[in-house]
Amino acid sequence: MSEEIITTGAERRELISFRVGEQEYCVDIMAVREIRGWSPATTLPQSPGYMRGVINLRGAVLPIMDLACRLGMPVIEPTVRSVFIVVKAGDRMIGMLVDAVSDILSITDDLVQPTPDLACDAVRSFIRGIISIDGRMISEISLDRLLPEREALAA
Amino acid sequence: MDELEAIKVTFFQECEELLADLEGGLLAMQDGNDDGDTVNAVFRAVHSIKGGAGAFGLEPLVRFAHVFETLLDAVRSNEVPSTPDLVATLLRASDVLADHVSSARGLGVVDEAVSAAMAAELKACTDPNAAPAPVAAAPVVEAPAFEAVSAAPAEVLIGADDALDDDDLGFDFQPMTITIDEQAADVAAAVGNVWTVSIRPKSDLYRKANETALLLRELARLGPIEAALDASAIPPLDQLDAEAAYATWTVRLETEEDENAIREVFEFVDGDCDLEITRGEALSPDAALAALLAGPAPAAVEAAPEPVVVTEAPVEIKAAPEPVAAAPVVEAAPAPVAAPVAPAPVAAAPAAPAAAKTQQIDVPGPGQSVIRVDPERIDRLIDLVGELVINQAMLAQRVGEYGIAPSSNLAMGLDELEQLTREIQDSVMAIRAQPVKSVFQRMPRLVREVASMTGKQARLVMDGENTEVDKTVIERLSDPITHMLRNAIDHGLESPEERKAAGKNPEGVVKLAALHRSGRIVIEVSDDGKGINRERVHSIAIKKGLISPELQLTDEEIDNLIFLPGFSTADKISDVSGRGVGMDVVKRSVQALGGRISITSRPGQGSTFTLSLPLTLAVLDGMVVDVAGETLVVPLAAIVESLRPKPEEVRPLGPVGSVLAVRDSFVPLIDVGLTLGYREASPPPTEGVVLLVEGEDGSRAALVADAIHGQRQVVIKSLEQNYQQVDGVAAATILGDGRVALILDVDAVISLRRREPPRPVEPTLIAAE
């Protein structure tokens, strides 16, 4: 894993980038709790196709989401290199199944370009922006909307 | 938290209990049970709150409690008759008092206007003719009083140790005189009036953890005092009743204050001592002093250059009777009392005045001690035990995989470990179990308020307050119960006129009951009102588009329409219900706890809400089964029996369904794998195992699983914490192999079957190597 440093004046933040199929995505490193190797998940009934199921993360039940499927691409066939990135989204922890983790990037917000108008709504609502580095295109994932809204349980 | 804060916290906890006692007593009076004991209990509750509040200088609370207490005192002495109207006023006053307590605690604000109006009302009840009681003059016992007592044991000044050293059991206590001139010893000008106060405490005074030294101190605030102790009534030690009171004090007081001011000093010991207050010098102090100075007491006084705290040796014996009474050998008895160098026994005595005085509680008898523990510590312990259970299961499974014989030492040791683990878990859970009383006791007030807001007359009858349930459940009972009670009064009960017209008692009865039923806690809220107006409910549901008009519904189904989201029968939005939060929210929050709610109703006779919840949200006994390659846990509480169906017992019904003949009844067969979407076609039921389950509403179903692995206690893990509720799944757990298994929601599975089959989920992915 190499570390790329881009120097500009603005406030910088770090991102973890990873591969989903042939595409590159990233999330803010502050949201990432850990990265773990793939282990089989318990299937959840009545759940959308992108929910891979749940696993035991040191005593807590962690839902695993197939990021490719969530973004409307074919499901990921897990391999030994498949990992899941445990992220904090709102008050929930989820594991995102991805093909491989590639880099840690340090960027400033002026490098983030708005998401181009695309036909696919899913892509637009899950992607905050696009970062261009060394000719690579890396899309930043917006974690807030990844999980379906929890049923409101007002008291 | 400093010491005083800690005591304050305790005081507020006790206030809760006292307020509950107060309310309980008043409710008993309302039911016509106004014997002396009940009235006394009510009086004591208010009195104790006032006393404690005084110690902390909580002025508004003290003022209100004082007015309240004055009226109760009049009721107690039959000066004011206890009528239903009066009791109703007292109940409302108890609500205001509760508000004052909350406000003093920093939780909420008292509506001053309401409080003042209530106080005026109480005063009017106390004495309709006389001028209002001098509230402002209500004595406030200040905190320093407490500090002084706590310091007392350290300064037990016993001048009589010479005498006590004497082995002769026939010795007499030497009377002693103590001059308390805290304020103005050198103010020679005795210009004020001279009063003589004679105090003869009864044993009750000490039993209630009061203290003569404090009374003397309070008197000393009024002016210079001289106190003389007459200990002549104290019998020889071998005849001494350690719990009796013998001493009499005669106090010469010079003060500008009037007799009432002096009497107020004794307010808290009213009735517990013989008090005589006379003007003038009843006894010549000089003569009395001369007679009394024979004792060694002056030496003691001299030894303490600032005699702020005075504790009399004979009093200590009675105030802290245990050391004496418990001593098996009489000779040993004087030791703890007589040794000024070792005041600890006195201080440590159960009746230690310091704590008891401030809290104004009945000192618990030996063996009834209660410890207060921070709930977080218990929660942590429960979490840890949960992990232990998982770990133990994991260990057992690993050992099983090595094929170790069940009779081997290792396997037997593991069995014992399992048993121990389970016992630890049960014991830990028992620590956290609490009676539902804490929730129930808030309800009478709610009922009163809702009834007065809706103009209905309602009486709350409670049953099973001592039913115990885990704290995690208790905390979440309050909202549904509140809602159901509101609903019962607002929608269930008729107005008094309607009730009269229907030939009923104008006062409606709302019953709140708790009971244990098959490993769950059941809460029932029933009313004797008009019952559910099914036609109206049905038409509203159609009007709101919740159901289609063609649908034929049974009575029971119509009753349960009120749980549909968006359903509210209130014609007008009232303050009480109809705020857009309907029974559907109650139902969902109950379901989120793994509970059920249902309603039964009989027109003209009332309705009953039944709420059933698991006893704990921490562990569950379950049957581990295999379904389409997945491991599921079925709550044991729902399972009636398990069996392997014979071909002749399975009968097809309709195009796809089939039923199982169990003895003489037919039970619908439900393939769990199909219902949850694990597979698209069910294998013949005869190849699997059938679990006969019973839903919350009593309906039965036969769940088909592939195999049964056995019974296990599992630790409940929330799915919602990181994900959300899943239909058909109650929660998750972690099995011995470290994998997550889902806990089946039996009722949801039964009702899922009634809907169209769900679309299948993505096939289970098997991990690649």
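The values are calculated or read from the model by the stated rules, or taken from the named source; none is laboratory data. All figures in this text were calculated on a predicted structure; none of them were measured in a lab. Please note: Cβ atoms are built from the backbone with ideal geometry, for glycine as well, and neighbour counts cover all protein chains shown.
Data overview
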quantity: Conditions (1) touching a strand residue (DSSP E or B) at 6+ places or on another chain (Cβ under 6 Å); (2) part of a loop (DSSP other than H, G, I, E, B); (3) more than 14 Å from every other protein chain (Cβ to nearest Cβ): number failed by B:Pro683; calculated: (1)
quantity: Which listed residue, of B:Gln725, B:Gln721, is free of Cβ contacts under 8 Å to residues at least 40 places away in the same chain, of a type outside the set (A, V, I, L, M) and farther than 13 Å from B:Val625 by Cα; calculated: B:Gln721
quantity: In the range A:63-83, the residues that are in a strand (DSSP E or B) and facing chain B (nearest Cβ under 8 Å); calculated: A:Pro63
quantity: Residue match in the range B:484-504 (condition: crowded, with 22+ Cβ neighbours inside 10 Å and among the polar types (S, T, N, Q)); calculated: yes
quantity: Qualifying residue in the range B:715-727 (condition: more than 10 Å from chain A (Cβ to nearest Cβ) and in a strand (DSSP E or B)); calculated: no
quantity: Number of positions in the range B:1-26 that are of a type in the set (A, V, I, L, M) and closer than 16 Å to B:Val96 by Cα; calculated: 5
quantity: Of residues in the range B:408-437 being of a type in the set (Gly, Ala, Ser) and more than 22 Å from B:Leu615 (Cβ to Cβ), the one surrounded by the most Cβ atoms within 10 Å (Cβ to Cβ); calculated: B:Ala411
quantity: Pair list, Cβ under 7 Å, 6 or more apart: the range B:456-467 residue under 24 Å from B:Asn505 (Cβ atoms), other residue assigned to a loop (DSSP other than H, G, I, E, B) and polar (S, T, N, Q); calculated: B:Lys456/B:Ser495
quantity: Checking B:Lys511 against (1) under 30 Å from B:Gly622 (Cβ atoms); (2) among the basic types (Lys, Arg); (3) crowded, with 17+ Cβ neighbours inside 10 Å, the condition it does not meet; calculated: (1)
quantity: Number of positions in the range B:241-265 that are surrounded by 20 or more Cβ atoms within 10 Å (Cβ to Cβ), in contact (Cβ under 8 Å) with a residue 60 or more places away in the chain and of a type in the set (A, V, I, L, M, F, W, C); calculated: 4
quantity: Every residue from the range A:90-113 that is modelled with pLDDT of 85 or more and of a type outside the set (Val, Ile, Thr); calculated: A:Arg92, A:Met93, A:Gly95, A:Met96, A:Leu97, A:Asp99, A:Ala100, A:Ser102, A:Asp103, A:Leu105, A:Ser106, A:Gln113
quantity: Condition check for B:Val625: assigned to a strand (DSSP E or B), over 20 Å from B:Val729 (Cβ atoms) and not assigned by the TED database to the domain that holds B:Ile523; calculated: no
quantity: Search result, residues across the range A:91-107 that are touching a residue at least 40 places away in the same chain (Cβ under 8 Å) and closer than 23 Å to B:Leu742 by Cβ; calculated: A:Arg92, A:Met93, A:Ile94, A:Gly95, A:Met96, A:Leu97
quantity: Residue match in the range B:642-657 (condition: in a strand (DSSP E or B) and crowded, with 20+ Cβ neighbours inside 10 Å); calculated: no
quantity: Subset tally (residues that are in contact with a Leu (Cβ under 9 Å, 6 or more places away or on another chain) and either crowded, with 17+ Cβ neighbours inside 10 Å or in contact (Cβ under 8 Å) with a residue 24 or more places away in the chain (or both)) for the range B:672-697; calculated: 11
quantity: Residues of the range B:618-641 classified as modelled with pLDDT under 85 and crowded, with 20+ Cβ neighbours inside 10 Å, total; calculated: 4
quantity: Test: B:Val399 is under 27 Å from B:Ala732 (Cα atoms), crowded, with 17+ Cβ neighbours inside 10 Å and outside the structural domain of B:Ser495 (by the TED database); calculated: no
quantity: Residue in the range A:27-36 that is surrounded by fewer than 16 Cβ atoms within 10 Å (Cβ to Cβ) and either aromatic (Phe, Trp, Tyr) or within 11 Å of chain B (Cβ to nearest Cβ) (or both) present; calculated: no
quantity: Residue within the range A:93-104 that is within 14 Å of chain B (Cβ to nearest Cβ), small (Gly, Ala, Ser), surrounded by 18 or more Cβ atoms within 10 Å (Cβ to Cβ) and outside any loop (DSSP other than H, G, I, E, B) present; calculated: yes
quantity: Positions within the range A:40-62 being part of a loop (DSSP other than H, G, I, E, B) and either in contact with an Asp or Glu (Cβ under 8 Å, 6 or more places away or on another chain) or more than 7 Å from chain B (Cβ to nearest Cβ) (or both), in sequence order; calculated: A:Ala41, A:Thr43, A:Pro45, A:Gln46, A:Pro48, A:Gly49, A:Tyr50, A:Arg58, A:Gly59
quantity: Within the range B:541-564, considering residues that are of a type in the set (S, T, N, Q) and loosely packed, with under 15 Cβ neighbours inside 10 Å, the one nearest to B:His491 (Cα to Cα); calculated: B:Thr554
quantity: Residues of the range B:15-51 that turn out to be surrounded by 18 or more Cβ atoms within 10 Å (Cβ to Cβ), within 15 Å of B:Arg105 (Cβ to Cβ) and within 13 Å of the chain's Cα centre (by Cα), as a count; calculated: 3
